[in-house]
Amino acid sequence: MTCSPRVKAARRALLAGLFFYSAGTLPVLAGDASAGADVFKQECAECHTTKEGKNKKGPSLFGIVGRNAGSLDGYSYSDALKNAKWTWTEDKLHWYLSQPAKQANPGTKMKYSGLDDAKQLDDLIAYLQSNH
């Protein structure tokens, strides 16, 4: 029995989905880095920069994805982040940037209350991932 092009396309899509699922690498819909640049300017730029080697009140966020927390040379971190035992991943940034004071409690120097808009958070993280 011959299948229609539509059925063949549906089968290919199903097989691709099963492949990604079984490989543990489901495609992720990322945020918009361009929109994230605007979020950064509004929410983060007062204290942070994305320029390599340039700190402000807070550390540079250049290359933050994949970096160990509290590890940027030349910045004086709070004990809360110096003693943190995590690496900044997309998931960890989502977790932390939603409520920084609570997530690194007690003792973070970051006075930002957090970003609760999921789309803006996705966009911001996409922007941070693009700066490396």
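The values are calculated or read from the model by the stated rules, or taken from the named source; none is laboratory data. It should be emphasised that the depicted structure is a prediction, and the values quoted were computed from it without experimental measurement. Note: ideal-geometry Cβ built from the backbone for every residue, glycine included; neighbour counts use all protein chains shown.
Of everything in region 63-104, what is small (Gly, Ala, Ser), surrounded by 13 or more Cβ atoms within 10 Å (Cβ to Cβ) and farther than 20 Å from LYS119 by Cβ? Give them in sequence order.
Within region 63-104, GLY63, ALA69, GLY70, SER71, SER78, ALA80, ALA84, ALA101, ALA104 meet the criteria.
Could you identify the single residue in ALA84, ALA45, ALA30 that is in a loop (DSSP other than H, G, I, E, B), modelled with pLDDT under 95, under 17 Å from ALA126 (Cα atoms) and not charged (D, E, K, R)?
ALA30
Collect the residues in region 41-57 that are closer than 15 Å to LEU115 by Cβ and either loosely packed, with under 14 Cβ neighbours inside 10 Å or small (Gly, Ala, Ser) (or both), keeping them in residue-number order.
Matches in region 41-57: LYS41, GLN42, ALA45, GLU46.
Could you tell me whether region 71-79 includes any residue that is farther than 22 Å from SER34 by Cβ, among the aromatic types (Phe, Trp, Tyr) and assigned to a helix (DSSP H, G or I)?
For region 71-79, residues farther than 22 Å from SER34 by Cβ, among the aromatic types (Phe, Trp, Tyr) and assigned to a helix (DSSP H, G or I): absent.
Looking at SER60, SER22 in this structure, which one is at pLDDT 95 or above and either loosely packed, with under 12 Cβ neighbours inside 10 Å or assigned to a loop (DSSP other than H, G, I, E, B) (or both)?
Going through SER60, SER22 in turn, the sole match is SER60.
Just to be sure before I move on: is GLY36 at pLDDT 90 or above and part of a loop (DSSP other than H, G, I, E, B) in the structure I sent?
No, not satisfied.
Tell me which residues, restricted to region 72-109, are hydroxyl-bearing (Ser, Thr, Tyr) and within 17 Å of the chain's Cα centre (by Cα).
Correct list: THR87, THR89, TYR96, SER98.
State all residues of region 105-131 that are buried (at least 19 other Cβ atoms within 10 Å of the Cβ) and not in a helix (DSSP H, G or I); if no residue qualifies, say none.
Answer for region 105-131, where residues must be buried (at least 19 other Cβ atoms within 10 Å of the Cβ) and not in a helix (DSSP H, G or I): THR108, MET110, LEU115, ASN131.
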